[in-house]
Amino acid sequence: MQYLAKTYPEEETIQQHTDRLLDNYSLLKQIYPGLKVDWGILKLACLYHDLGKMNAKFQKKIRKQKVTGEIPHGFLSIGFLNTCELEEIYPEEKIKVLVNSIAYHHEREFRFSENIDSLKEEIVAMKQEAKEFIYDKIKDCDKILNTVILDYLDDSRITEEDGENVFYDYVLVKGLLNRIDHASSAHENVEWPNDFLEDAMKNWKENNNISWNELQKYMIRNREENVVVIAQTGMGKTEAGLLWIGNNKGFFTLPLRTAINAIYDRVRNKIVKEKLEKRVGLLHSDAFSEYVKREEDKDEKLELEEIGISQYYERTRQLTIPLIICTIDQLFDFVYRYKGFEPKLATLSYSKIIIDEVQMYSSDLIAYLVIGLLHVTKVGGKFAILTATFPPFVGDLLKKVGIQFKIPEPFIDKDNSKTRHSIKVIDNMINADFIIKKYQKNKVLVICNTVKKAQELFDEIREKRKDLKDEVKLFHSYFIGKHRREKEQAILEMGKSNNDCGIWICTQVVEASLDIDFDILITELSDINSLFQRMGRCYRNRPYNSEGYNCYVFTGGAKKCSGVGYVVDSDIFQFSKEALKNMDGKISEQEKIELINSVYTTQKLSKTKYFKKIIDTINYINSLYTNELDKNEAMKMFRNINSITVIPESIFINNKEEIESLKKTLNEDKRKEMTRKEVENLKTKKAKARAQLADFMVTIPYYLVNSYNIEDFEIDRYETVKIFKCHYDEEKGITPKKELVKETERKDWDNCF
């Protein structure tokens, strides 16, 4: 008799599915032989994980027959483990790891202790099916079947309380079993080898006729070390990070999607170039939309040789591609140890992680980073923090939890003739008149702490100088997806051009890793760390040899700059203002580092709200029980969900016909008679529709939303889109209708938006 394991994408027996797992197991072992997993235990987990599917209830259910009282097959599968043989070979802890990995390889609402009697009955009841189960890799299934193995199981699964070594053994076995199982079900490889990056970097170097600099050589020499490396803007940190990853599985993380998209394009167009679907991927919350955009781009088309973008995205999302450019939230949510967290940490156990621009992270993300890197290093993963500035308190936190790393002398240009920045500190509020005065058909970058302040300056300049209307642009995070992409592209083009001129008024969306180069920076002070990031967008790779200044920093005077006390910590703002008070004129890279080191000490920050929040977050994460949260809860907490994605009302009204059409596409049902290719085409069609729908959306702070200014638009019975009543236009983005903002939240709106 045939016992089915899957019916999608096509019917597959338990034996066929298990063979796929064993093939992927062998592939993983071949690509990453040094992985710190117990390969013998993992192989047994692959071999036995689905045998419980031969029970009568599962076989009826998979054939679309109604059943009740079904026990999750993972718990039934452990009944086929040969307890006597295992106890002769393995210690008790290893058997417990194996049993728990199989029993809990799917997340099901099933209390073992409350169902133990029925579980035993179901295991015994499979004896007849086991007699008819013929598989060359397991003999006499019916004779092995037993309930003694249940002694190794309980409701709590394996946690840190079982001992650190046992816990991490379990994480690796269960996590890799999940990865192998998922890939096999999708008829995919669990991993694609990184056998290309070192050659690609060598070819890139030769094609550009350059030599590796000292930073890049250092990263090559220290590939097997955890490192924290400070290097000034323009030193080639991206190339240094890729050289450190070498021919290993790697994740390159950055804090902003704009920067991630730019790095991905740079890698795919200039370094990797071919076989992208097996080599490099892009991963953040809007990644599929970015794939769609590039597939339809005539000039820089996304070239996939073997698969479509839907499958390419799925490979990226399942972390099978060897080099992934991503946001930190795509990896480090595992710190909450939610039910099912193991695959991510198991993957990171044989990966190398680049953390770029660490100074951009909020207090909660710093906490996640510290805890996450502790887990990663304990299971064998490596990390490199590559940053233009490194707050010393972060290093203290890493050391305090026991993470070891190397931190060399900063890589900076010590030739003062190549100094890039000259600062003028102005103890006043940033204003339109000053910006207009400094604009002399050059490239002026203005950075504000809040969207509201940026919009005010944008309006004021255009009102005072109507002749500059077409030369003043605004860029912040509250534009719909379509307009935000257009603005990203426009500022990148101007930032790289030597001929264009204009004024761009922005928020922190341009702070990190954007390859743009303006002639003048005019900025509000937020904190000194962000200031130096902002300065990296002005005279990015060229010395400033003129008289006067190219960076103007407004510190607020008797008032505070916008956002201080809300989006900017008040104490750190004050420390930064104090550190800058005597600054006037050229500032070297060494002086920047010294200022950072003087402001961001553990001693100085220990009493600030910012630092206390880091410690509180670390303590909270450590207080959670493993498996206490489900994945959705953890994701919300990790991303600190105080925002909501909406469609501005005017955008919805003006595009309603297209939105309704997209809704229709998203509601198309998969038909039973569809071929596998037709199913894939439908998935791609739906994914494109969802990406097009996202083009009309924007993420806003949750405090702007109330019952008066929000309406639901139903996509299907599971999903609704929020329609936000606000002012919106392509030049300014969202401006909330003040009369519809909650009265109690007006102050927050004035200071945060």
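The values are calculated or read from the model by the stated rules, or taken from the named source; none is laboratory data. Because the structure is predicted, anything quoted here is derived from the model rather than measured. No Cβ is skipped: glycine too gets one built from the backbone with ideal geometry, and neighbour counts run over all protein chains shown. What goes into the accessible areas is simple: the full protein's heavy atoms, side chains included, and nothing from ligands, DNA or RNA. Shrake-Rupley method; radii C 1.70, N 1.55, O 1.52, S 1.80 Å.
Taking the listed residues Val599, Val564, Val553, the one that is surrounded by 15 or more Cβ atoms within 10 Å (Cβ to Cβ), under 28 Å from the mean Cα position of the chain (by Cα) and closer than 17 Å to Leu525 by Cα is Val564, with no other qualifying. Scanning region 695-709 for residues that are surrounded by fewer than 17 Cβ atoms within 10 Å (Cβ to Cβ) and in a strand (DSSP E or B) yields a total of 1. Looking only at region 729-745, residues that are open to solvent by 30 Å² or more (accessible area, probe 1.4 Å) and either part of a strand (DSSP E or B) or modelled with pLDDT under 70 (or both) come to 6 in all. Would region 710-726 turn up any residue that is modelled with pLDDT of 90 or more, of a type in the set (Lys, Arg) and not in a helix (DSSP H, G or I)? Looking through region 710-726, at least one residue is modelled with pLDDT of 90 or more, of a type in the set (Lys, Arg) and not in a helix (DSSP H, G or I).
Restricted to region 62-85, and to residues there that are closer than 25 Å to Lys137 by Cβ and without any contact (Cβ under 8 Å) to a residue 40 or more places away in the chain, the residue that is surrounded by the most Cβ atoms within 10 Å (Cβ to Cβ) is Ser77.
Condition check: over 30 Å from Gly372 (Cα atoms) and part of a loop (DSSP other than H, G, I, E, B). Does Met494 satisfy that? Spelling it out, it is not the case that Met494 is over 30 Å from Gly372 (Cα atoms) and part of a loop (DSSP other than H, G, I, E, B). For region 363-380, give me each residue that is at pLDDT 95 or above, of a type outside the set (D, E, K, R) and open to solvent by 10 Å² or more (accessible area, probe 1.4 Å). Matches in region 363-380: Leu374, His375, Thr377, Gly380. Mind checking whether some residue in region 695-707 is in contact with a His (Cβ under 9 Å, 6 or more places away or on another chain), among the hydroxyl-bearing types (Ser, Thr, Tyr) and farther than 29 Å from Phe334 by Cα? No; the residues of region 695-707 include none that is in contact with a His (Cβ under 9 Å, 6 or more places away or on another chain), among the hydroxyl-bearing types (Ser, Thr, Tyr) and farther than 29 Å from Phe334 by Cα.
Taking Lys453 as the residue in question, decide whether it is surrounded by 15 or more Cβ atoms within 10 Å (Cβ to Cβ), of a type in the set (Lys, Arg) and closer than 24 Å to Val567 by Cα. For Lys453, the condition - surrounded by 15 or more Cβ atoms within 10 Å (Cβ to Cβ), of a type in the set (Lys, Arg) and closer than 24 Å to Val567 by Cα - is met. Taking helices (runs of 4 or more DSSP H) as the structural unit, those lying wholly within region 172-251 and holding at least 2 residues that are under 26 Å from Lys592 (Cα atoms) and not charged (D, E, K, R) correspond to 214-221, 237-245.
Of all the residues in region 478-491, those that are over 18 Å from Cys448 (Cβ atoms) and assigned to a helix (DSSP H, G or I) number 7. Applying the condition of being open to solvent by 20 Å² or more (accessible area, probe 1.4 Å) and either among the hydroxyl-bearing types (Ser, Thr, Tyr) or at pLDDT 90 or above (or both) to region 484-510 and asking which residue is nearest to Ile647 (Cα to Cα) yields Arg484. So which of Arg540, Arg534 ends up being surrounded by 17 or more Cβ atoms within 10 Å (Cβ to Cβ), over 25 Å from Asn431 (Cβ atoms) and under 29 Å from the mean Cα position of the chain (by Cα)? That would be Arg540, the only listed residue that is surrounded by 17 or more Cβ atoms within 10 Å (Cβ to Cβ), over 25 Å from Asn431 (Cβ atoms) and under 29 Å from the mean Cα position of the chain (by Cα).
Is it fair to say Lys94 is modelled with pLDDT of 90 or more, within 44 Å of the chain's Cα centre (by Cα) and open to solvent by 80 Å² or more (accessible area, probe 1.4 Å)? Criteria not met by Lys94.
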